[in-house]
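Presented below is the structure to which this report refers.
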Amino acid sequence: MVVEQRMGPGVDAERQRENRDAAPPSGDSGGFQRVAEAVVLRAAELLGTHVAVSDANGTIIASSDPAFMRQPLSQAESSGPGGWIRVPFQLEGSVGEVAVAGTPGGEVISPRFVQVLVDLVVSQVTVVDRLPHQHELKDRFISDLLHHTGMDTGALSREAKVLGIDLSTPRAVILIDAAEYILGSSRPDASMTTDAEIRRRAQRVIGSVVSFFKLPDATICAYLGDGEVVVLKASNSKNLEIWLDPEGDGEDAGASWANLTALKRAARALVFRLRAETRTAVNIGIGRYHPGVRGFSRSFEDARAALSLGGRFKGQNQVHCLDGLGLAAFVGVADERTKIDLATYLLSPLDHEPELLESLEVFFREDCCPSSVAKQLSIHRNTLSYRLDKVKSLTGLDPHRFDDAVQIRLAFVLRALAGPEADCADAHEPVPA
């Protein structure tokens, strides 16, 4: 094997980063590995030649040429041109060596210069590595916000302002499962994906989301780990204008369900885009808007439940929301308040149709037997059929279908358990300042 001298002074830095990120992780600590990769990247750019770092066992853990990854350093030296320079590399108890190949033009590189350069890069990387990065602070803050940590509302609002995150705009949570792309979970070498590569892929997904929604920046997006990206999407009509139905989407069932149809349209278009860009499966869970700073955690719970249940029952490459999960939402969601909200929402189109509500109540009481129902209501069976068809038209649920009938029945029971206040619960929710 011959060392390929392809890194001249004008080398493409992005290509070097890709080569670096393609390398398998070592058994060394994450800090040692990160610094080794940074040394390789920077030294190769400055010196215009092949650079590798080996661990204490002499195995290459970072290299400007991926072909030598996990190979003995001695093998790389014997395969390439002469004039290799080795200098010690040490960080927090971990030791290794930096090896620099001879330059393509035959220029002499001073070992002292290489040593100083390595020491300088190591110092820079370790200092910066200890500083809290803006994106890490933002990701941590959004994670705390969504998981309802003990921080009080005032402190959350103040920290949000410092990070440039506007919490006053009504927002719903969009949870994107892009694990196949970010973690490479569908690839046979998934276990060899480095943290740097995972972060780079997550940022690509975030960049695509920012571009899709035409956001001013990525401050309301965060990588949560496990291949999931979250978006705190402004859910008011102004910010969803291009996905709203000009004739109205019928979203008058309460503030928490407002503009949900438009949000789902946007999310479906986003799935299509992300699939085309990543060439992998992508799923999205959508949470409802809930008012106030604490509402973000409830919206996240909605999105998390929808994504989990939807992935199991509805399949891949889809947008999942509680109102589209059918019986799975009533069975799989643990939070009783959420199930009552869902029941109220599903029945809301019938709130001003007392005749239809009465027909449904009798329909279930008479075990869905049309002749018995018509007799109890003193109407013709055709009239009953018309009313049940109208229920389907208004709610999207067909009382003649078993699954839909069970959903309607469960919705009646849950709404009755909640009492009359459930019908107007959303009306009492405060609008964010």
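The values are calculated or read from the model by the stated rules, or taken from the named source; none is laboratory data. Because the structure is a prediction, the values reported are computed rather than measured. Here Cβ is always computed from backbone atoms with ideal geometry, including for glycine, and neighbour counts include all displayed protein chains. Heads up: the accessible areas ignore ligands, DNA and RNA and are worked out on the full protein's heavy atoms, side chains in. Shrake-Rupley method; radii C 1.70, N 1.55, O 1.52, S 1.80 Å.
Computed quantities for the displayed model
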| read-out | value |
| --- | --- |
| FRET E, pair Leu417, Leu46, Förster distance 56 Å, beta-carbon r, rounded to 0.05 | 0.20 |
| Ordering of 171-181, 369-379, 203-213 by burial proxy (mean other Cβ atoms within 10 Å per residue, highest first) | 171-181, 203-213, 369-379 |
| Per residue accessible area of the stretch 276-433, 1.4 Å probe, in Å² | 50 |
| Pairwise label distance in nanometres, Lys214 with Leu394, each label 7 Å out on the Cα-Cβ vector | 3.8 |
| Those residues of the stretch 336-352 whose amide nitrogen sits under 20 Å from the label point placed on Asp403, 7 Å along Cα→Cβ | 339, 342-347 |
| Pairwise Cα inverse-distance average, inverted: Kirkwood Rh of the stretch 306-364 (Å) | 12.9 |
| Counting all C-alpha pairs of the stretch 268-310, share separated by more than 13 Å (%) | 59 |
| Computed lengthening from Arg337 to Gln124, 0.36 nm per intervening residue step minus Cα-Cα distance | 71.5 nm |
| Portion, in percent, of the accessible area of the stretch 275-337 that falls on carbon or sulfur, probe 1.4 Å | 47 |
| Stokes-Einstein translational diffusion, the stretch 293-408 - Kirkwood Rh over all Cα pairs, 1.306 mPa s, 10 °C, in µm²/s | 102 |
| Label-point separation in nm, Gln90 to Cys369, each point 7 Å along Cα→Cβ | 9.0 |
| Rounded FRET efficiency, nearest 0.05, which uses the C-beta distance separating Asp166 from Glu361 and R0 of 35 Å | 0.15 |
| Arg268 paired with Gln115, simple spin-label distance in nm, labels 7 Å along Cα-to-beta-carbon | 6.7 |
